[in-house]
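The values are calculated or read from the model by the stated rules, or taken from the named source; none is laboratory data. Nothing here was measured: the structure is a model prediction, and the numbers come from that model. Cβ sites come from the backbone with ideal geometry, for glycine too, and all protein chains shown count toward neighbours.
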Amino acid sequence: MIMQFQAPDGSIVENPNIEALRANMIDNFPDYWYQGHGGAIIYCYNDDTLVSNLLISPSAEHGIYLNYSTKEDGRTIATWVSMDNPLNLGTWTECAYEWYASVGLFLPLEKAWSGIKYYLETGERSPDIDWKQPSEMPEGSNW
């Protein structure tokens, strides 16, 4: 399994150091996220084949939103979004340059970090996060 991290400034690191990522993403929150486009993505490869990715979108006010997708033949076959507060899905906030998401999808920093770390270690979604598929999202929400 190969993990490829694309930072907010566009730089790419293969198999990044997990503790260094935590220091940047969480310990240096929100300053780290003010570079480039303001979001990050981690790609998971098995034998040079892209199998999943985790989109990481921060909000200085609300925390971090995670969007996990599985891939097949270069196409997205399933997507799940992190859920923290379903009562706040009708309110949107900017979380990366011109990217808006429902406030209820943002996780507290430590919970988001546990999901990011789990993904870096396994390439899977963390069982400790409440994940919803877009089809489960109510009208008026944005993911």
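Some observations on this one:
- Selection count, region 122-140, where residues are in a loop (DSSP other than H, G, I, E, B) and modelled with pLDDT of 90 or more: 8
- Within region 108-143, the set of residues being touching a residue at least 60 places away in the same chain (Cβ under 8 Å) and β-branched (V, I, T) comprises I116, I129.
- Complete set of residues in region 94-110 that are surrounded by fewer than 19 Cβ atoms within 10 Å (Cβ to Cβ) and of a type outside the set (F, W, Y): E94, E98, P108, L109, E110
- Any hit, region 13-34, residues being touching a residue at least 24 places away in the same chain (Cβ under 8 Å), of a type in the set (D, E) and more than 15 Å from R125 (Cα to Cα): no
- Among the residues making up region 25-57, a single one is surrounded by fewer than 20 Cβ atoms within 10 Å (Cβ to Cβ), in contact with a Phe, Trp or Tyr (Cβ under 7 Å, 6 or more places away or on another chain) and assigned to a helix (DSSP H, G or I): I26.
- For region 46-67, the criterion of being farther than 20 Å from W143 by Cβ, in contact (Cβ under 8 Å) with a residue 60 or more places away in the chain and either in contact with a helix residue (DSSP H, G or I) (Cβ under 6 Å, 6 or more places away or on another chain) or not polar (S, T, N, Q) (or both) is met by at least one residue.
- Taking region 13-24 as the range and being in a strand (DSSP E or B) and surrounded by 12 or more Cβ atoms within 10 Å (Cβ to Cβ) as the test, only V13 passes.
- Filter pass, D9 being farther than 22 Å from E121 by Cβ, of a type in the set (D, E, K, R) and either modelled with pLDDT under 95 or within 15 Å of the chain's Cα centre (by Cα) (or both): yes
- Looking only at residues in region 58-83 that are surrounded by fewer than 21 Cβ atoms within 10 Å (Cβ to Cβ), part of a loop (DSSP other than H, G, I, E, B) and of a type outside the set (A, V, I, L, M, F, W, C), the one that is farthest from the chain's Cα centre (by Cα) is D73.
- Failed item in (1) out of contact with any Leu (no Cβ under 8 Å at 6 or more places or on another chain); (2) at pLDDT 95 or above; (3) within 17 Å of F5 (Cβ to Cβ), with Y32 passing the rest: (2)
- Residue match in region 91-108 (condition: modelled with pLDDT of 90 or more, within 20 Å of F5 (Cβ to Cβ) and not in a helix (DSSP H, G or I)): yes
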